[in-house]
Structures are given as C-alpha cells and as structure tokens.
1. If you restrict to DSSP beta bridges whose two residues both lie in the chain, what percentage is antiparallel, to the nearest 5?
2. Just to confirm, what accessible area per residue do you get for segment 109-188 at 1.4 Å probe, in whole Å²?
3. So what does Asp260 come to for accessible area, using a 1.4 Å probe and Å² rounded to 10?
4. Which value, in Å² rounded to 10, gives the accessible area of Val398 with a 1.4 Å probe and all protein chains present?
5. Output ³J(HN,Hα) for segment 384-395: one whole-Hz value per residue in order, computed from phi by the Karplus curve 6.51 cos²θ - 1.76 cosθ + 1.60 with θ = phi - 60°, and x for Gly and Pro.
6. Nearest 500 deg cm²/dmol is fine: what mean residue ellipticity at 222 nm does the chain get from its DSSP H runs of n ≥ 4 alone, each adding -39,500 (n - 2.57), divided by its residue count?
7. For segment 71-86, take each phi angle, set θ = phi - 60°, evaluate the Karplus expression 6.51 cos²θ - 1.76 cosθ + 1.60, and give the result in whole Hz per residue in order, putting x for glycine and proline.
8. Given H placed on each backbone N at 1.01 Å, which residues far from Cys200 in sequence or on other chains put an amide H within less than 5 Å of it?
Amino acid sequence: MSASTDYPIDAIRADFPMLKRPMNGRPLVYLDSAATTHKPQQVIDRLSRFYSEEYATVRRGAYSLSHASTALFEGVRAQAAAFFNAGRPEEIVFVRGVTEAVNLVATAIWSRLRPGDEVLVSTMEHHSNIVPWQLVAARAGAIVRPIPIDDRGELDLEALEGMLSEKTRLVSVVHVSNGLGTVNPVAEVARLAHSVGALCMVDGAQSAPHMAIDVQALGCDLFACSGHKMLGPTGVGVLWGRYDVLASLDPYQGGGEMIDVVTFDGTTFDDPPYRFEAGTPAFAQVVGFGAALSYLSALGMDRIADWDAHLLDYATAALDTVPGLRRIGTAAHRSGLVSFVIDGTHPADIGSILDQEGIAIRVGQHCVQPVMARFGLHSTARASFGVYTTTAEVDALVRGLHTARDILV
Ligand code: PMP
C-alpha cells in the first residue's frame, strides 16, 4: 500500500485543535511547520494533567510528589534515548532547543580551541549553527570556515575533504536545511571529520520531526533537536552526545544541580547529563515532550517519512505549474519543505496575499543569510509540512499563488 493510502491523515488532523480554527474567514492552511509545529490534544492534555495533578520540582524534594515528578522527567530521558537510539539515557541532555545545544557545545569546547584551530560549518547552516561558533572562535583566535554548496543546494563533499586538516577541531552540519530542504549525507560528513580526529555535530532541527533518527547509525558525536518542531511544547529540546564526548566537555552554565562539591576554594562538577543542566530544568515541558515522542512513535517515523516524501513530490509537481515560480533548493534528496521565488514578485507580498486566504507560509531569510547570498537572493517564500499536512492544503497554496501572481505581476 502506498504512503498516501495507508496514512491516517483524517484521524491525525482530528487530534490537532489549532487546525480546526478559521483564519481570516477561511480554514487555516498551516504551512509553517519548519518554524514550529502545532500540538496534538494528547500533548496538551499531558501538560494540563501534569500541572493539575502531578506538579512538583524534580531532583530536590524529599517528598513523594517530587520523587514521582523526577521519575517522570528521567523516564522521558530514557524514552528519548530509545527514540534516538542513544547508547544510554545519560547521553541525553535536556536543553531549550538546537540554539541552546549549539551554544552549549561551542562554550564547552572553547577551552580546547587554540589560535588557528578551525571549526567547519556548511554554507547552508541556520544562524544558530554559525554564530555560536563565531563567538567562541573570536575569543580563542580560532576560525569558522564555510563548506561550500552547489547550485542545487548540495554539500560539496570534495571541498570538505580538501578543507580538513590537523587544525580541524569540529565539523557541524545541518541534517536537513531549513532554507533549502536538502538532506545532507551526515554519516559521510562524520566519517570525514573523524578521519582527521575532529568531532562531528549534527543540527537535527528539521530532520528529527520527519524521519527516524538513529544517532549511532549516523556516526556523529553530537546531535541536537528542538521539541517545539516535533509536536512538543516550547522550551525543550535534546542534545545527544556520545557519553565519552560529553564527559570530556567543560560545563556550559553554572548553577544548582550541575555540581558535585562547591567551596570557595573550587567547585567540582557532576557527571553528564546533569553537568549540563544547571538550575531547575523545564521539567513540565519535558513531560509534554515525552507525550510528543509517544505520539510520533505510535504513528511511526518511517510512515511519517513516507508521507513527507509523498507531500514533497506532490508539492514539487504542483508548484512547478505556477508560471515564473523558481524553486530554490533542488537537491536530489530533500525533506519537509519547498522554498521558492516568483519572478516579478516579492516574497513578503506573496505571504500577505496568502494570509488573506488563511494560508500561513514563511517569507524572508529563514535565518540562513549565507544561503540567500549564495543564491543571490534577499528572501524566499517557504511552505513547510508537518505530520498533519494534506495534499489539499498544497492545492490551496497553489491556487493562492496563482491569485497572488494575478495581483502582483
Ligand atoms: N537549525 C535549524 C535547521 C532550524 O530550522 C532552526 C529553527 N528554525 C534552528 C536550528 C533553531 O532552532 P530553535 O530556534 O528551536 O533553537
């Protein structure tokens, strides 16, 4: 049976209350899931139940409620470890999202960087996988170098190979580009990084919502994702790291719960993951994130990936019928979204006209200014998909684009 016939799209949509609300007098057509996804009732109910019946701080309390809350929190750590096929639960660090994960790793490896050392990132990185490295590189006298991409938006692996040297400390690449949709060969990138003894980090913000992630099979050392893009609450994400790698990293933030012994003569730190979780964690959000992982697991990540591929094929063909539309990002392997421009129009005007029709897309630079520069653009329009997106919504988008063209061109 094909993905399009065995995927329970109607039942899925019924789970998402936000999808039932109208927008500007029309049914909401939400095509901005790469920015953030809506939440199924199961996640909303789990959060509500936790706050109404189970809420108490984690780790600190001497009372039953706190023990139970801690057990739930640590249970989600174990669930996330299984979801990503981590070696053990202690390899899962709860963070706010990819942005915090990259800042954590950049700060944690800062003391290891020497003048002239290099961190390689691709030209298609989100700013959150560029700027944190630049901040620490500037302090250490190290250099952040971009790995080039070609006209289709594919990573130039030969160029990467040529850039690697004994100066390379870390290679960090996005798994799926939020600007282009490119799926990068991260296992190959990890292999190349390791060939010169460098670490490999993967930004999974756009891959984790759409495909099964097996961090051990990817072969990288560190992997990050954001819960709010995976049907979960805001304010929670995961940094996975191979345990020996995490154990070799300095702390990121100081504070409660990340320490072993504190004196004014010096402080020693707890083991990972707690060393990296200073202060009261976002434990309610973590519990909600557990419900989101359960939802995704019940649906099946492979089925979600099949549905995504079906939507992408459908949208690619449908968008190519719009006169003057040029897709930006035509890599052989893509996922989750389509970025485009239409001759004679500005993406911001397209966004406003679609909004009047109840269609929500993202327009702008998508936090990937180097990608825009690479393609000689200031901005693009981007339609991105979630587990609940339908081909009928893609049809609505295409109709809206014809209307926008009639008005603007
Ligand atoms: N990387 C990519 C590829 C993204 O799409 C995003 C979010 N747009 C991020 C990193 C940053 O994620 P967050 O804002 O959740 O930290």
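1. Rounded to the nearest five, the antiparallel share is 60 percent.
2. 38 Å²
3. 100 Å²
4. Rounded to the nearest 10, that gives 20 Å².
5. Values per residue, Gly and Pro as x: 10, 10, x, 4, 9, 6, 10, 5, 5, 5, 5, 4 Hz.
6. Working: 15 runs with 157 residues, N = 409.
So the helix-based figure for the chain works out to -11500 deg cm²/dmol.
7. 5, 5, 4, 5, x, 5, 4, 5, 5, 5, 4, 5, 4, 9, 6, 6
8. Amide H neighbours of Cys200, under 5 Å, 5+ apart: Val171, Asp221, Leu222.
The values are calculated or read from the model by the stated rules, or taken from the named source; none is laboratory data. From a predicted model like this one, the values you see are computed outputs, not experimental measurements. Quick reminder, even Gly has a Cβ in these numbers, built from the backbone with ideal geometry, and neighbours come from all protein chains shown. Remember, those area values only see protein heavy atoms, side chains included, never the ligands or the DNA or RNA. Shrake-Rupley method; radii C 1.70, N 1.55, O 1.52, S 1.80 Å.
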